[in-house]
Each structure stands twice: as C-alpha cells, then as structure tokens.
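Heads up: the structure comes next, in structure tokens.
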Amino acid sequence: MYETILKLHSYWAYLVLFILIIAVINALIKVFGDKEYTAKDFRIALFTLIVSHIQLLIGLILYFVSPRFELWAEMGSKVMKDSMTRLYLVEHPLVNIIAVALITIGYSKHKKKLTSKAKLKPIAVFYSIALVLLLSRIPWSIWLA
C-alpha cells in the first residue's frame, strides 16, 4: 500500500506543478498585460485548487502510512538534527500545507473581486508564492532519480 501511495503522490506532483505553473504564468501575463478575466482563467484557478488539495490529501495519507513516520517515536527530537529526516517529517509536509493554504486563500480572495485586474492579482500573488514554496521543499535528489 505504501509503495502505491508513494508513486501516486510522486506522479500527481507533476500534474500539480504543471497546472500551478500554468496558472501563475497565465495570471501574471494577464495582470501585466491589462487583459480581461475570462471563464478560462476561472477554470485554470479552480483546477489548480482541486489538484493541489488532492495532492495534499494523498500526501497526508502517505505521511501516516510511511515507515518514516515511526522515526518520530524512535528518534524524538533528534529528527531535527538529521537533514533528510527533518525534510520528510517536518519541512516538506509543513511547507506544502502552507502552500496549499495560500492557493486556497488566493482562490477565495479572487472570487470576491469585481474587476478583471482585481480578480487576477490575488491569483498571481498567492499562487506564485505557493509555487516557490512547493519548489523549495521538493526532495529533488529522490524525485528526479
């Protein structure tokens, strides 16, 4: 079960990154180009929100079924001294939860705005910050191997 969830989490991450990059680029181009907010922009923002929440759920399941989770009991506070263990048990989950929260905030804020630029700006800002956070805590050495 663990291996299946791990593979799903890894492959779904490609989709999340791909759609998040599209959402960020789309929003930035439209904000700086003074273009109109369209139904396509709404769908891109919503799809990004949905796939990121699904990834978060997969990640939370993975966290609790992972053999690494047992390291909390074995190592206690020494988890923080080992960089790879800290990445998997603390940094990656925490930063990704924050990133998904930022995507949710950006989506919620954009729905309350009335003009095109005002709608696109929260998406551009919050989704961009979320993208940077996600990219910062991906275990690249394992993910690309």
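The values are calculated or read from the model by the stated rules, or taken from the named source; none is laboratory data. Note that this is a predicted model, so its numbers are computed, not measured. Note: ideal-geometry Cβ built from the backbone for every residue, glycine included; neighbour counts use all protein chains shown.
Taking the criterion of being polar (S, T, N, Q), under 20 Å from the mean Cα position of the chain (by Cα) and at pLDDT 90 or above, would at least one residue in the stretch 28-47 satisfy it? Taking every residue of the stretch 28-47 in turn, none turns out to be polar (S, T, N, Q), under 20 Å from the mean Cα position of the chain (by Cα) and at pLDDT 90 or above.
On the given criteria, is A124 closer than 19 Å to V16 by Cβ and surrounded by fewer than 16 Cβ atoms within 10 Å (Cβ to Cβ)? Show your work before the answer.
On the way: closer than 19 Å to V16 by Cβ: yes; surrounded by fewer than 16 Cβ atoms within 10 Å (Cβ to Cβ): no.
Answer is no for this residue.
Applying the condition of being of a type in the set (A, V, I, L, M) and buried (at least 18 other Cβ atoms within 10 Å of the Cβ) to the stretch 1-26 and asking which residue is modelled with the lowest pLDDT yields A13.
Residues H92, H53: which one is surrounded by 15 or more Cβ atoms within 10 Å (Cβ to Cβ), free of Cβ contacts under 8 Å to residues at least 60 places away in the same chain and not acidic (D, E)? Going through H92, H53 in turn, the sole match is H92. With respect to A118, is the statement that it is touching a residue at least 60 places away in the same chain (Cβ under 8 Å), over 11 Å from the mean Cα position of the chain (by Cα) and not in a loop (DSSP other than H, G, I, E, B) true? So A118 fails the test. In this entry, K109 is excluded by the filter for residues that are at negative phi, in a helix (DSSP H, G or I), in contact with a Lys or Arg (Cβ under 9 Å, 6 or more places away or on another chain) and crowded, with 17+ Cβ neighbours inside 10 Å.
Evaluating L134 against the criteria (1) hydrophobic (A, V, I, L, M, F, W, C); (2) loosely packed, with under 14 Cβ neighbours inside 10 Å; (3) within 30 Å of V31 (Cβ to Cβ) leaves one unmet condition, (2).
Being assigned to a helix (DSSP H, G or I) and on the phi > 0 side of the Ramachandran plot, is that true of even one residue in the stretch 68-79? Yes: the stretch 68-79 contains one or more residues that are assigned to a helix (DSSP H, G or I) and on the phi > 0 side of the Ramachandran plot.
Name the residues in the stretch 27-48 that are part of a helix (DSSP H, G or I) and either of a type in the set (V, I, T) or buried (at least 21 other Cβ atoms within 10 Å of the Cβ) (or both), would you?
If we filter the stretch 27-48 for residues that are part of a helix (DSSP H, G or I), which is where we start, we get 27-32, 39-48.
Correct list: A27, I29, K30, V31, I44, A45, T48.
Please go through (1) touching a helix residue (DSSP H, G or I) at 6+ places or on another chain (Cβ under 6 Å); (2) small (G, A, S); (3) farther than 15 Å from N96 by Cβ for S52 and return the number of the only condition it doesn't satisfy. Failing condition for S52: (3).
Among the residues making up the stretch 108-145, those that are of a type in the set (F, W, Y) and either farther than 22 Å from F42 by Cα or in contact with a Ser or Thr (Cβ under 8 Å, 6 or more places away or on another chain) (or both) are Y127, W140, W143.
Mind telling me which of the residues I44, I105, I123 ends up being more than 23 Å from I5 (Cβ to Cβ), in contact with a Phe, Trp or Tyr (Cβ under 6 Å, 6 or more places away or on another chain) and of a type in the set (A, V, I, L, M)?
Details: I44 fails: in contact with a Phe, Trp or Tyr (Cβ under 6 Å, 6 or more places away or on another chain); I123 fails: in contact with a Phe, Trp or Tyr (Cβ under 6 Å, 6 or more places away or on another chain).
Of I44, I105, I123, the one residue that is more than 23 Å from I5 (Cβ to Cβ), in contact with a Phe, Trp or Tyr (Cβ under 6 Å, 6 or more places away or on another chain) and of a type in the set (A, V, I, L, M) is I105.
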